[in-house]
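Here the structure comes first, spelled out in C-alpha cells, and everything after it is commentary.
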Amino acid sequence: MEWTKVTEQISIRNITVVKYPYSNPKSAMRIRKEKSCFFCSKKYSDCEFLGITMSDKGSKLCCDDCAKKFESTLSNER
C-alpha cells in the first residue's frame, strides 16, 4: 500500500506492516503530548493508542484512524 503526503516535498512510502495498538499507556501518554500523527498531522487525543507503520523508508507513528485505515487496506491487498 502506498501513502502520499504532500508538504513542500512529496513523500511516497510503501507501507508493509502496521502494528496497532503499538504502545503501552505510560509511553503513549508521554508521546501524545510531544507529537502528532505523521500522516494526517492530527494531534493525539487523551484516549488514543498509537499505531506504528513500517515502510521502505523506516517507521512512523500514526493515530488510531490512520492505523485502522492502513490495516484494512493492507488486508484487502492480500
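Each reported figure results from applying straightforward, stated rules to the coordinates on display, with no laboratory input. Values in this document were obtained by computation on a predicted structure and should not be read as measured data. We place every Cβ from the backbone using ideal geometry, glycine too, and count neighbours over all the protein chains shown.
Other residues within the sphere of radius under 12 Å centred on the Cβ of residue 3, judged by their own Cβ, net out at +3 (K and R +1, D and E -1).
Listed from fewest to most Cβ neighbours within 10 Å, the set 60, 33 follows the order 33, 60.
What number comes out for the charge environment of residue 67, summing +1 per Lys or Arg and -1 per Asp or Glu over other residues with Cβ under 10 Å away?
-1
Length gained on full extension, residue 2 to residue 40, computed as 0.36 nm times the residue gap minus the Cα-Cα distance: 12.2 nm. Using the Cβ of residue 42 as centre and a radius below 10 Å, the other residues enclosed give a net charge of -2, where K and R count +1 and D and E count -1. The ranking of 74, 50 from fewest to most other beta carbons within 10 Å of each one's beta carbon is 74, 50. Each of residue 16 and residue 49 was given a label point 7 Å from its Cα along the Cα-to-Cβ line. The distance between the two points is 2.4 nm. Under 20 Å of direct C-alpha separation, and excluding same-chain neighbours fewer than eight residues apart, residue 68 reaches these lysines: 5, 19, 35, 42, 43, 60. Counting beta carbons within 10 Å around each of 19, 26, 43 and listing the fewest first gives the order 26, 43, 19.
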